[in-house]
Amino acid sequence: LTTTLLAFTVAALLAMPWLMYVIAPGFVDQPDKFQLTIELTQITFPYLLFMALIALMGGMLNSLHRFAAVAAAPIVLNIVLIVALLAVRQGVLPDSVFPSSGHALAWGVFGAGVAQFIWIAYACNRANIMFHLPRPRLSPGVRKLIALMVPGIIGAGVVQINLVIDVILASTLAEGSVSYLYYADRVNQLPLGVVGVAIGVVLLPLLTRQLRGGEAEAARDSQNRAIEFALMLSAPAAAALIVAPEAIVTVLFQRGEFDAATAAATAAALRAFAVGLPAYVLIKSLTPGYFARQDTRTPVKIAVIAVAMNIILALILMRFMAHAGIALATALAAWLNAIVLAVVLARRGHLSFDARLRRRAPRIVAAATLMGLVVFWGTEWLAAPLSGAGGSGEDARIAALAGLVAAGLIAFAAFARILGAFHLDDVKAAFSKN
């Protein structure tokens, strides 16, 4: 893996000017912007080398049910990025080192990759599973790993593939479209990263162990509980992002050069992305059902269909909704992916919704919908402090958004309890197990 990644990274760095014609064709007519994009991409690209190795070591740790170190790795990234930006803002380093905030962030990403690698390597060493680097050779075990891994990469990365397509198409639209999608995706990734990735990471080794032990019924129950848990956490998040994207984006980003028009454009993309949020999380809950059975090809076939649908829908919707149409196409393609994954698993007899899931799923959706109405009413009531109107300061804006989030959480918990969508003991049990 290290040898392959090193060769790939060097080749990509050397070919970056030509690759950028593919990734951002809309920037070609803006030489300065095109050149800056190449430069920043070359700085950040080696981060992928470290992330791939971290994914390998993270899988080793997860197989031993050691999840804490991998879960904490993104914290290292955030700390390094914050330090890099503060260094520029406070003038700690001369402009020759970081000519702009963009350069600071780019080098911060590179440095964070190194730091995260050291962090996970230390965790592997403590677990006595740290690997060494022998001469690469295609042993039978490595051949089997590659055969399983290649289609798995595509199947698991369909969301990222669709986002790359989004960038390519957005680069051909109005100035700022790529940034609107990026900022919206950052917000949308918060619940996806916290919920979806966590479910996938925990579920795969659990299903694998149960299936190898001949516990087919226990595996079905684990799959049902994962879907239930995914809906319980993603449905209210999606409802909030759909009804209140303007409030969220305004408070988080609107300051300095990020003006009201930029906030409105980003909010439109966030609302569209949020339509597919439950689907993104469900994909993370369904693909382990294939991978645990060493079937990495079927998710690839389904992913190819979803990618094709994303391209077709994006080309159609961007004509009417600009960048928001691209985001909506990605969301709808995610739903197609999730539905087909579930249908195929069900036809093979590997997925059947038990009575508890059939009873609770619609109640979770209903509770999330009612919570959305509460949040929508809250945005109307708190419109002035959320927007900073009437002399409201930054503290008032943050407090208003925090209050809105708290009201949404309380409303969802109350409606879920009234409707019988879930019980607190079930949530505690899920967290205590995983």
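The values are calculated or read from the model by the stated rules, or taken from the named source; none is laboratory data. Given the structure is predicted, the values throughout are model-derived calculations rather than measurements. A quick note on method: Cβ atoms are made from the backbone with ideal geometry, for glycine too, and the neighbour counts reach across all protein chains shown. Heads up: the accessible areas ignore ligands, DNA and RNA and are worked out on the full protein's heavy atoms, side chains in. Shrake-Rupley method; radii C 1.70, N 1.55, O 1.52, S 1.80 Å.
Couple of notes before you dig in:
- Residue within region 376-396 that is under 28 Å from the mean Cα position of the chain (by Cα), of a type in the set (A, V, I, L, M, F, W, C) and surrounded by fewer than 20 Cβ atoms within 10 Å (Cβ to Cβ) present: yes
- Taken across region 48-60, residues that are more than 19 Å from VAL202 (Cβ to Cβ) and either open to solvent by 70 Å² or more (accessible area, probe 1.4 Å) or in contact with an Asp or Glu (Cβ under 8 Å, 6 or more places away or on another chain) (or both) do occur, with at least one present.
- PHE117 touching a residue at least 60 places away in the same chain (Cβ under 8 Å) and in contact with a Pro (Cβ under 8 Å, 6 or more places away or on another chain): no
- Among the conditions (1) farther than 30 Å from GLU394 by Cβ; (2) β-branched (Val, Ile, Thr); (3) open to solvent by 10 Å² or more (accessible area, probe 1.4 Å), the only one that ILE242 does not satisfy is (1).
- Residue selected from region 100-134 under the condition assigned to a helix (DSSP H, G or I) and open to solvent by 100 Å² or more (accessible area, probe 1.4 Å), by the criterion nearest to ARG89 (Cα to Cα): TRP107
- Among residues of region 205-218, those that are surrounded by 19 or more Cβ atoms within 10 Å (Cβ to Cβ) and out of contact with any Gly (no Cβ under 8 Å at 6 or more places or on another chain), counted: 2
- Those residues of region 312-370 which are within 13 Å of ILE283 (Cα to Cα) and among the aromatic types (Phe, Trp, Tyr), in sequence order: TRP335
- None of ILE146, ILE168, ILE154 is within 19 Å of the chain's Cα centre (by Cα), modelled with pLDDT under 85 and of a type in the set (Val, Ile, Thr) except ILE154.
- Search result, residues across region 293-321 that are within 21 Å of the chain's Cα centre (by Cα) and open to solvent by less than 30 Å² (accessible area, probe 1.4 Å): THR296, PRO299, VAL300, ILE302, ALA303, ALA306, VAL307, ASN310, ALA314
- The condition of being under 20 Å from the mean Cα position of the chain (by Cα) and within 29 Å of SER179 (Cα to Cα) holds for THR44.
- Search result, residues across region 11-38 that are part of a loop (DSSP other than H, G, I, E, B) and either among the β-branched types (Val, Ile, Thr) or in contact with a Pro (Cβ under 7 Å, 6 or more places away or on another chain) (or both): VAL28
- Failed criterion for ARG66 (all others in (1) part of a helix (DSSP H, G or I); (2) at pLDDT below 85 hold): (1)
- Out of ALA324, ALA292, sole residue that is over 22 Å from VAL202 (Cα atoms) and in contact (Cβ under 8 Å) with a residue 12 or more places away in the chain: ALA324
- Residue match in region 135-147 (condition: assigned to a helix (DSSP H, G or I) and polar (S, T, N, Q)): no
- Residues that are in contact (Cβ under 8 Å) with a residue 40 or more places away in the chain and out of contact with any Gly (no Cβ under 9 Å at 6 or more places or on another chain) within region 221-232 comprise ASP221, ASN224, ARG225, ILE227, GLU228, PHE229, LEU231, MET232, listed in sequence order.
Yes or no, residue by residue, for (1) in contact with a Lys or Arg (Cβ under 7 Å, 6 or more places away or on another chain); (2) open to solvent by 40 Å² or more (accessible area, probe 1.4 Å); (3) not charged (D, E, K, R):
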| position | (1), (2), (3) |
| --- | --- |
| SER222 | no, no, yes |
| PHE229 | no, yes, yes |
| SER234 | no, no, yes |
| ALA237 | no, no, yes |
| ILE248 | no, no, yes |
| VAL251 | yes, no, yes |
| ASP259 | no, yes, no |
| LEU277 | no, no, yes |
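- Conditions (1) within 25 Å of the chain's Cα centre (by Cα); (2) surrounded by 13 or more Cβ atoms within 10 Å (Cβ to Cβ); (3) assigned to a helix (DSSP H, G or I); number of the one not met by LEU351: (3)
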